[in-house]
Amino acid sequence: MDEPLRLDASFVDYALVVAYFAVVMLIGVAARRRVSDSLDFFLSGRSLPAWVTGLAFISANLGAVEIIGMSANGAQYGMATMHYFWIGAVPAMLFLGVVMMPFYYGSKVRSVPEFMRRRFGTGAHLVNAISFAVAQVLIAGINLFLLATIVEALLGWPLWISLIVAAAVVLSYITLGGLSAAIYNEVLQFFVIVAALLPLTLIGLNRVGGIGGLIDRVTASPGGDEQLSSWPATNLSGFENPVWSAVGIVFGLGFVLSFGYWTTNFVEVQRAMATKSMSAARSTPIIGAFPKMFVPFIVVIPGMIAAVLVPELIDYKADPTAATGVTYNDAILLLIRDVLPNGLLGVAIAGLLAAFMAGMAANISSFNTVFSYDLWQQYVKKDRPDGYYLKVGRWATVGATVAAIGTALIASGYSNLMDYLQTLFGFFNAPLFATFILGMFWKRMTPTAGWAGLVSGTAAAITVFVMVETGVLDLPGQGGAFVAAGAAFVVDIVVSVVVSKVTAPKPAHELAGLVYSETPREVRTDPEAHKLPWYQSPVPLAGIALAMVIALNVIFR
Amino acid sequence: MSSGKRQQQQKAGAFDVRNVIAELIGFYGVVLVVVGLLDDDESLAKTGGIDANLWAGIGMIAVAVAFALWSRLRPTVVDPPREDEQPTG
């Protein structure tokens with residue numbers, strides 16, 4: 001087929017998409033003019049309710065990667081994908097709320113590079129700022145590629161034109177203030193996405209003959225009934241031995257990758273810091289964990305349905321080398337094309353466009369902040385007026401958008417984007433998490449160890465990646481990424497400890513608020529905490545969430 | 001609590017995110033119900049025989065009403081009024 005994926009949108013569909021963006025733009029304009037106290041209240045977040053920040057917290061992550069990547073994973077690996085939520089995200093979010101948030105909220109660190117600079121000085125700061133900036137451009141490329149995929153599917157333009165058009169649209173979204181109301185938009189976006197994906201899942205299930213029909217069809221498909229159970233996920237991890245597979249998933253995916261992602265990702269941590277009290281900040285990721293554990297049912301399941309319902313995808317799964325013109329990344333779009341009637345189609349397109357655009361805009365703007373303040377101001381041109389750095393930031397925005405077109409082409413080369421993304425996380429997040437957690441709890445860790453650990457951790461992950469690519473290590477699936485992340489974590493810790501032993505630490509008084517043992521208890525706790533009812537206290541809530549996620553793991557094992 | 005008294009604190013009103021959710025999802029719901037009522041056999045074939053637009057539309061209207069009620073019954077209070085100012089709103 002020449003045009004394997006065209007969405008047949010009608011006037012109604014476009015109208016629904018336009019309605020969404022009209023609302024977003026209106027909020028953006030209102031936000032810039034500060035037309036209302038109450039809007040100001042919602043933006044500055046002097047006292048945002050925890051359910052708002054909790055939803056914003058997961059919505060900031062429910063972007064391209066989650067929707068396309070996890071449905072692609074569902075199509076390729078089946079139920080094993082659930083690990084990303086039930087072993088990965090949810091425990092990590094609970095850990096963030098219970099253990100790390102008191103510390104972030106108390107120390108008022110606003111970004112990862114800022115923490116690095118205050119804890120370890122300029123060496124680790126420079127390394128981290130550069131790797132963060134690179135990671136943001138690479139991830140922006142993924143979002144842009146997916147945005148372009150939709151433009152391509154809607155209008156039938158070639159990929160490169162779609163890329164340029166999508167990039168231009170994101171630039172205007174940032175310029176028109178869509179980002180200034182980020183938390184607000186994220187909450188809105190969450191409901192539009194659910195409004196699109198829930199009917200998609202239900203209709204899809206209806207088409208395959210209900211849950212029983214899905215089970216029968218998956219059992220008969222090339223993946224077989226192994227794809228109906230989440231453990232031991234030997235396909236996903238690429239380990240043949242089920243025990244090692246489980247170890248790889250719990251340690252690599254669960255501990256290093258997910259904890260690394262959720263606890264050091266400040267785009268998300270900032271959502272929690274917009275609350276009025278320590279308890280509300282800690283509750284943010286914990287409240288977010290409840291909807292998060294049910295997200296896979298409307299993301300992974302549609303992917304699995306697509307793999308047994310959409311003819312092209314069935315052919316592709318039977319023989320990935322066949323010229324079907326589709327990949328796993330197309331799973332959810334193919335299902336949307338096949339089962340959603342005009343009307344719901346528009347809701348789905350609005351939700352997907354919104355998610356990818358907001359995701360890319362967030363990448364670009366955090367790149368912009370780090371580039372102009374952490375890199376340019378710190379290391380290139382110091383002491384210029386504020387206007388100068390704003391101008392630098394504007395050029396950085398344009399530059400990053402253009403660069404994202406390039407990185408989008410890299411992303412387009414992967415048939416399952418999760419493989420690519422997990423690889424990137426292994427390079428950047430795993431060593432960062434190791435350095436973060438060691439630096440937070442071990443006051444003896446020295447500034448030299450800070451940057452040396454990061455560099456060697458990333459180097460270890462890249463080495464594993466190259467060995468997997470060249471076939472020295474034989475790990476299909478996403479096991480390569482898990483091993484790379486594990487290696488990065490271990491090497492980072494070992495190098496940091498060894499280097500710390502031979503170099504001089506920072507004096508203890510400079511570490512107040514940055515290292516656990518040097519931070520006074522009052523700074524870490526909420527004096528009002530005992531007045532809260534149980535359903536607003538972080539720890540009991542986290543306990544309930546943990547029990548639920550364990551139950552889900554058991555039910556769908 | 002203070003609900004019986006005159007309004008003393010400014011409510012988030014139209015910019016309360018719950019109202020925006022109610023308006024947008026409610027609008028989607030109404031459009032989908034109309035589209036659903038006009039749907040032809042081709043749409044029904046896609047969904048496997050259910051009028052998905054109609055039912056999704058009804059669901060969205062229900063969600064919108066729930067959010068509107070929630071925001072009406074438990075309004076978000078913006079700021080306690082300053083002593084030297086008369087509350088507007």
Problem set entry | Those residues of the stretch B:55-77 which are in a helix (DSSP H, G or I), surrounded by fewer than 20 Cβ atoms within 10 Å (Cβ to Cβ) and either more than 9 Å from chain A (Cβ to nearest Cβ) or hydroxyl-bearing (Ser, Thr, Tyr) (or both), in sequence order | B:Ile58, B:Ile61, B:Ala62, B:Val65, B:Ala66, B:Ala68, B:Leu69, B:Trp70, B:Arg72, B:Leu73
Exercise. Can you tell me which of A:Leu432, A:Leu352 is among the aliphatic types (A, V, I, L, M) and either closer than 29 Å to A:Ser517 by Cα or open to solvent by 20 Å² or more (accessible area, probe 1.4 Å) (or both)?
Worked result: A:Leu432
Exercise. Which residues, counting only those in the stretch A:357-391, are open to solvent by less than 30 Å² (accessible area, probe 1.4 Å) and either touching a Phe, Trp or Tyr at 6+ places or on another chain (Cβ under 6 Å) or basic (Lys, Arg) (or both)?
Worked result: A:Met357, A:Ala361, A:Val370, A:Ser372
For this session: For the stretch A:350-367, indicate whether the set of residues that are more than 26 Å from A:Ile174 (Cα to Cα) and touching a residue at least 12 places away in the same chain (Cβ under 8 Å) is non-empty.
Result: no
Problem set entry | Scan of the stretch A:331-348 for residues that are assigned to a helix (DSSP H, G or I) and either over 22 Å from B:Val31 (Cα atoms) or open to solvent by 10 Å² or more (accessible area, probe 1.4 Å) (or both), ordered by number | A:Ala331, A:Ile332, A:Leu333, A:Leu334, A:Leu335, A:Arg337, A:Asp338
Problem set entry | Matching entry among A:Leu188, A:Leu163, A:Leu202, A:Leu171 (being out of contact with any His (no Cβ under 6 Å at 6 or more places or on another chain) and without any contact (Cβ under 8 Å) to a residue 40 or more places away in the chain) | A:Leu202
Exercise. Mind checking whether some residue in the stretch A:49-57 is away from chain B (no Cβ under 14 Å), buried (at least 23 other Cβ atoms within 10 Å of the Cβ) and in contact (Cβ under 8 Å) with a residue 40 or more places away in the chain?
Worked result: yes
Exercise. Does the stretch A:211-222 contain any residue that is among the charged types (D, E, K, R), surrounded by 20 or more Cβ atoms within 10 Å (Cβ to Cβ) and in contact (Cβ under 8 Å) with a residue 24 or more places away in the chain?
Worked result: no
Problem set entry | Checklist (1) within 18 Å of the chain's Cα centre (by Cα); (2) closer than 30 Å to A:Ser500 by Cα applied to A:Leu126, failing item | (1)
Seminar exercise, completed: Checked the stretch B:23-35 for anything farther than 16 Å from A:Leu197 by Cα and within 7 Å of chain A (Cβ to nearest Cβ); matches are B:Leu24, B:Phe27, B:Val31, B:Val35
Problem set entry | helices (runs of 4 or more DSSP H) completely within the stretch A:87-178 that count 2 or more residues being more than 30 Å from A:Pro505 (Cβ to Cβ) and open to solvent by less than 30 Å² (accessible area, probe 1.4 Å) | A:90-95, A:122-155, A:159-175
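The values are calculated or read from the model by the stated rules, or taken from the named source; none is laboratory data. On a predicted model such as this, the values are computed, not experimentally measured, just so you know. Note that each Cβ is placed from the backbone with ideal geometry, even for glycine, and that neighbours are counted across all protein chains shown. Quick note on the areas: whole protein, heavy atoms, side chains included, nothing else; ligands and nucleic acids left out. Shrake-Rupley method; radii C 1.70, N 1.55, O 1.52, S 1.80 Å.
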